[in-house]
Amino acid sequence: MEFQSQRRQFFSQSAAGLGSIALASMLSADSQRALGALGTGVPGVLTELHHKPSAKRVIYLFQSGGPSQLDLFDYKPSLSAQHGQPLPDSVRNGQRLTGMSGNQAILPLAKSIFQFQQHGESGAWISELLPYTAKIADKLCIVRSMTTQAINHDPAITFFQTGSEMAGRPSIGSWMSYGLGTENENLPAFVVLVTKDKGGQPLYQRLWGSGFLQSRYQGVQLRAGAEPVLFLNDPDGVSRSQRRSMLDLSRDMDLAQREQTLDPGIDERIAQYEMAYRLQSSIPEVNNLADEPEHVLNLYGPDVKKPGSFAANCLLARRLVERGVRFVQLFHQDWDHHGGLPAGLKRECLQTDQPSAALVADLERCGLLEDTLVVWGGEFGRTNYCQGKLTDTDYGRDHHPRCFSMWMAGGGAKPGLSFGQTDELGYNVVDKPVQVHDLHATILHMLGVDHQRLTYPFQGRRFRLTDVHGVVQHEMLTS
């Protein structure tokens, strides 16, 4: 018993000592005794990529609520011919509906009241609601055959963001941060921007959380206003040198506790403190648009000068990735149009169409589009039948996980491609279905990562973003 006690004491003290040596060796020159190497401004766990990447970074424009693919990208003239007729049983084939329209006496097919035209050399069909997106049609890879399992918002959004319908898994941006790190030690690897003052389905911080990964990998939300990161600013009367001295003293006490307890959570706490210190100088600079030329501001539209708008966030996303941020996630709410779809969809497109297209054009102008992947899409699509009363000028559409549309641009996505196909009434995928795990696997592949090899041990098994699924969609890629 005495030998075992001495043995445990030896390994405990050795581990603590080695940990201290390792921590001390990581001190950042810029922040004196700061543990900069424990922050997010470092390489990820992958010492080398699994294959040659086509993208270095990702900007994900997430349209929360489920945009109607039938009114934006998936042109269905057969719906016009059968407008008002009941959805055929042979098309539905017994598939489940939500409780919001499942009890309707009939499910009348509803055509889009918006006009579609083909655009660019690719001839992509795009709605009149997206005139700016139509101008960059030849730069887009439009995926019309997305399909998912979840039929309600919370599990559907959670599935897209984490690869699981159940909360608690790391978000896609956290997996990127964990695997690849960031190219700028003064900025997080993963930044989140939410359009200000929007209604619609709620968004939760767990959607950009790190789950069972260390907290350093969670997304950092930048907010509009005087305090972009909450609780980041020093109190009145506290100087930068005083803050540095306080952090140094706090770090020394934390390290002393670390030697006693061997608690890895202490390392995370130190890393968060140091990142916050660095953000105090880096965030004001990246948020300051004074150096942006007027022609660039005009590219994004009139809302770009409104902090927290989707337009302002798109421009901020470009500024972040050009400074080395690995993954930028934009959330724009209020695409959930169960009724009043024509007016609601038009409103959201007015807010997002020009900035989304401008972001792609601006990245190309800066020479960043080639290795920056831009992704646009929501958590599911909308039904081809009307929820509620159908009129000549108004209709609503229920949730529809069976098929919906997304697009990608840059970063190795094949430009000018319309991928996959739905049936003539836009209810089921009939060619080249793309599951959520397939999308995640493909995004990781573009970043040079084999989705089966980026894993994390937790509760007795190795987890990954794609769980036990996922097939890379090589046809959607340039190489």
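Could we say that Q421 is without any contact (Cβ under 8 Å) to a residue 60 or more places away in the chain and not hydrophobic (A, V, I, L, M, F, W, C) here? Considered against the rule, which asks whether it is without any contact (Cβ under 8 Å) to a residue 60 or more places away in the chain and not hydrophobic (A, V, I, L, M, F, W, C), Q421 comes out as no.
The residues of segment 430-479 that are surrounded by 19 or more Cβ atoms within 10 Å (Cβ to Cβ) and either touching a Cys at 6+ places or on another chain (Cβ under 6 Å) or among the basic types (K, R) (or both), listed by number, are R464, M476. The condition of being in a helix (DSSP H, G or I), under 20 Å from S356 (Cβ atoms) and of a type outside the set (S, T, N, Q) does not hold for D197. Looking only at residues in segment 330-375 that are touching a residue at least 60 places away in the same chain (Cβ under 8 Å) and among the small types (G, A, S), the one that is surrounded by the fewest Cβ atoms within 10 Å (Cβ to Cβ) is A361.
Name every residue in segment 390-399 that is over 21 Å from the mean Cα position of the chain (by Cα) and not acidic (D, E), in order of residue number. Even if it seems obvious, please write down each step before you answer.
Step one: of segment 390-399, the residues over 21 Å from the mean Cα position of the chain (by Cα) are 390-398.
Those that are over 21 Å from the mean Cα position of the chain (by Cα) and not acidic (D, E): L390, T391, T393, Y395, G396, R397.
Taking first residues from segment 127-151 that are within 16 Å of G411 (Cα to Cα) and partners that are surrounded by fewer than 23 Cβ atoms within 10 Å (Cβ to Cβ) and among the basic types (K, R), the Cβ contacts under 9 Å between residues at least 6 apart in sequence or on separate chains come to C141/K414; V143/K432. Residue pairs whose Cβ atoms lie under 6 Å apart, sitting 6 or more positions apart in sequence or on different chains, and linking a residue in segment 447-462 that is among the aromatic types (F, W, Y) to a partner that is in a loop (DSSP other than H, G, I, E, B), are F458/F212. Among the residues that make up segment 387-396, is at least one of them in contact with a Leu (Cβ under 8 Å, 6 or more places away or on another chain), in contact (Cβ under 8 Å) with a residue 60 or more places away in the chain and surrounded by fewer than 24 Cβ atoms within 10 Å (Cβ to Cβ)? Taking every residue of segment 387-396 in turn, none turns out to be in contact with a Leu (Cβ under 8 Å, 6 or more places away or on another chain), in contact (Cβ under 8 Å) with a residue 60 or more places away in the chain and surrounded by fewer than 24 Cβ atoms within 10 Å (Cβ to Cβ). When the test is whether a residue is on the phi > 0 side of the Ramachandran plot, within 21 Å of the chain's Cα centre (by Cα) and either touching a residue at least 40 places away in the same chain (Cβ under 8 Å) or surrounded by fewer than 24 Cβ atoms within 10 Å (Cβ to Cβ) (or both), G378 does not pass it.
Could you count how many residues in segment 360-419 are assigned to a strand (DSSP E or B) and aliphatic (A, V, I, L, M)?
Looking only at that region, the number is 8.
If you filter segment 420-479 down to residues that are of a type in the set (V, I, T) and in a loop (DSSP other than H, G, I, E, B), you find that the one that is farthest from D71 (Cα to Cα) is T455.
For every residue, the table says whether it meets (1) in contact with a Ser or Thr (Cβ under 6 Å, 6 or more places away or on another chain); (2) charged (D, E, K, R).
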{"residue": "M408", "(1), (2)": "no, no"}
{"residue": "G420", "(1), (2)": "yes, no"}
{"residue": "R462", "(1), (2)": "yes, yes"}
{"residue": "T466", "(1), (2)": "no, no"}
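Does F73 satisfy the criteria of being on the phi < 0 side of the Ramachandran plot, hydrophobic (A, V, I, L, M, F, W, C), modelled with pLDDT of 90 or more and in contact with a Gly (Cβ under 8 Å, 6 or more places away or on another chain)? So F73 fails the test.
The values are calculated or read from the model by the stated rules, or taken from the named source; none is laboratory data. Small disclaimer: the values here were computed from a predicted structure and weren't measured. So basically every Cβ, Gly included, is an ideal-geometry build from the backbone, and we count neighbours across all protein chains shown.
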